[in-house]
Amino acid sequence: MDTPLVIFILAEVVGYLSWIFFVRTENSKSRDIVSFLMFALALVVLVRVFQLNLDFGLVLSIATLIAGISWFVGYLIKIKELRIESKSYFIILFIITCFRSFTYEPYQIPSRSMEPGLQIGDFVLVNKYAYGLKFPGTHYLLTDLVSPKRNDVAVFLPPHSLCKVNPQEARPDIINLTLQKSQSFLNRFLELQKQRCTEMGIKYVKRVLGVPGDLVEIKGDEVWINGVKLLHEVIGRDDKGDLINETLDNGTHVIRSKGISDYEEFTWKIPEGSYLAIGDNRDNSLDSRVWGYFSDKYLIGKAEYIWLHWGSFSELPGFFRNGRIQ
């Protein structure tokens, strides 16, 4: 547990008890001062939560529970002001938690790995019920799992971002690799995990290229799935590489290739419960080619819409990129 966060939370508890004391003693001036300090401290706690990359859904769930308990406490100790304040917070937090956990969650694109389709500064809506509903802030399914399909743009926790995941979970088929390839994967995965893992994991967004049972081969920017080569059509070029229409099943999307990976070859036979995820920016994406498969138990949702673009704090947000994600 993070020490500063624990201290901030304990200070909030002290402030809460002090607020109740001042309300009961009818010391309105001290009550108002404590209220202001608690609000300021709540903002500090929120900033710390984001710094630690804690699951915001879990944080919202805990805050909703606390507001509900406080509402009940207001009835027990017969403080009308506490009861009214807590009730209003509980209702607001409950609605936000339910909407964010069971419908759509906003997510900001943090890297160039999905260009040109998704760019840094895009805010997307992630469908939280696309792959089955989960209890807020956890990986426990409340409904049956709905398996991702090829071409889905999925949001998930990759294995290397979770400190407790071992390399065998990222590549259950590692036993089928040659000694050289298995050792190379182990070295890459463990080094990457050492650099980037957290207790809660880091959300990634990638395109699902392979599902359980698929045989996937990648040679440069060309892809074969179960022996069938994906249709590629060069449609243009920008200053960052060739733009290529890639047709996967019934969907077509644009990928970018600089030709850097032309001599790289990969082959996967995807095991049950695992999915192959590749970035559309094929030469600038940290994906399954490096850290293996992602597991269906770490699915977050399906990215469906771009609803806002805000490239940096020096520019105004805009809606010129709004639309369904291809």
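The values are calculated or read from the model by the stated rules, or taken from the named source; none is laboratory data. Since this is a predicted model, take the numbers as computed values, not measurements. Don't worry about glycine lacking a Cβ; one is built from the backbone with ideal geometry, like all the others, and counts go over all protein chains shown.
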Checklist entry - Is there any pair with a first residue in the stretch 44-67 that is closer than 15 Å to Phe135 by Cα and of a type in the set (D, E, K, R) and a second that is at pLDDT 80 or above and surrounded by fewer than 19 Cβ atoms within 10 Å (Cβ to Cβ) whose Cβ atoms are under 7 Å apart and which are 6 or more apart or on different chains, and what are they? => result Asp55/Met200
Next on the checklist: Which numbered condition in (1) touching an Asp or Glu at 6+ places or on another chain (Cβ under 8 Å); (2) surrounded by 16 or more Cβ atoms within 10 Å (Cβ to Cβ) is the only one that Gln108 fails?
Outcome noted: (2)
Checklist entry - Which residues, taken from the stretch 190-211, are in contact with a His (Cβ under 6 Å, 6 or more places away or on another chain) and within 25 Å of Val223 (Cβ to Cβ)? => result Leu192
Checklist outcome for this item: Listed by first then second residue, the pairs whose first member lies in the stretch 1-20 and is among the β-branched types (Val, Ile, Thr), whose partner is part of a loop (DSSP other than H, G, I, E, B), with beta carbons under 6 Å and at least 6 positions apart or on separate chains, are none
Checklist outcome for this item: Taking the stretch 280-302 and keeping residues within 18 Å of Phe189 (Cα to Cα) and of a type outside the set (S, T, N, Q) leaves Leu286, Asp287, Arg289, Val290, Trp291, Gly292, Tyr293, Phe294, Tyr298
Item to check | Hits in the stretch 195-215 (condition: under 25 Å from the mean Cα position of the chain (by Cα), at pLDDT 95 or above and not in a loop (DSSP other than H, G, I, E, B)) | outcome: Tyr204, Val205, Lys206, Arg207, Val208, Leu209, Gly210
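Specify which of the listed residues (Glu81, Glu85) is out of contact with any Phe, Trp or Tyr (no Cβ under 8 Å at 6 or more places or on another chain), surrounded by fewer than 17 Cβ atoms within 10 Å (Cβ to Cβ) and not hydroxyl-bearing (Ser, Thr, Tyr).
Numbers: Glu85 fails: surrounded by fewer than 17 Cβ atoms within 10 Å (Cβ to Cβ).
Step by step, each of Glu81, Glu85 is checked, and only Glu81 is out of contact with any Phe, Trp or Tyr (no Cβ under 8 Å at 6 or more places or on another chain), surrounded by fewer than 17 Cβ atoms within 10 Å (Cβ to Cβ) and not hydroxyl-bearing (Ser, Thr, Tyr).
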Next on the checklist: Quick check on Asn176: is it in the same structural domain as Ala277 (by TED's automatic domain parsing), surrounded by fewer than 18 Cβ atoms within 10 Å (Cβ to Cβ) and on the phi > 0 side of the Ramachandran plot?
Outcome noted: no
Next on the checklist: Condition first: surrounded by 13 or more Cβ atoms within 10 Å (Cβ to Cβ), under 15 Å from Trp268 (Cα atoms) and touching a residue at least 24 places away in the same chain (Cβ under 8 Å). Can you find one or more residues in the stretch 227-246 that meet it?
Outcome noted: no
Checklist entry - Where residues in the stretch 95-105 are buried (at least 17 other Cβ atoms within 10 Å of the Cβ) and in contact with a helix residue (DSSP H, G or I) (Cβ under 7 Å, 6 or more places away or on another chain), which of them is farthest from Gln326 (Cα to Cα)? => result Thr97
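Considering only residues that are touching a residue at least 24 places away in the same chain (Cβ under 8 Å) and either farther than 20 Å from Thr267 by Cβ or outside the structural domain of Trp268 (by TED's automatic domain parsing) (or both), which ones fall in the stretch 179-199?
Restricting attention to the stretch 179-199, the residues satisfying the condition of being touching a residue at least 24 places away in the same chain (Cβ under 8 Å) are 185, 188-189, 192-193, 196-199.
Within the stretch 179-199, Leu192, Gln193, Arg196, Cys197, Thr198, Glu199 meet the criteria.
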Checklist entry - Within the stretch 130-157, can you find the residues that are within 30 Å of Val254 (Cα to Cα) and either in contact with a Gly (Cβ under 8 Å, 6 or more places away or on another chain) or β-branched (Val, Ile, Thr) (or both)? => result Ala130, Tyr131, Leu145, Val146, Arg150, Asn151, Val153, Ala154, Val155, Leu157
